[in-house]
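The values are calculated or read from the model by the stated rules, or taken from the named source; none is laboratory data. Every value quoted in this text rests on a predicted model; they were computed, and no experiment measured them. Cβ coordinates were reconstructed from backbone atoms using ideal geometry, including for glycine residues, and neighbour counts include every protein chain displayed.
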Amino acid sequence: METKGNLMAEALRPTEHIKIQYKKAHFKAMGTAVDFRPVDNFEHFIESVD
């Protein structure tokens, strides 16, 4: 899990956007099913998986 300060992809710095795309490609290449969802803090993450 990695949180970002803003949920809007357009508001992320270009380097943060590149990191997210790299991570998606990494897990796809490994054949690992990963659920990516935007969250801005840990509490919202916990609520989203309950």
I'd like the residue in the stretch 1-25 that is modelled with pLDDT of 80 or more and either β-branched (Val, Ile, Thr) or over 13 Å from the mean Cα position of the chain (by Cα) (or both) and, out of all such residues, is surrounded by the most Cβ atoms within 10 Å (Cβ to Cβ). Ile20
Can you tell me which residue in the stretch 26-50 is surrounded by the most Cβ atoms within 10 Å (Cβ to Cβ), limited to those that are polar (S, T, N, Q) and assigned to a loop (DSSP other than H, G, I, E, B)? Asn41
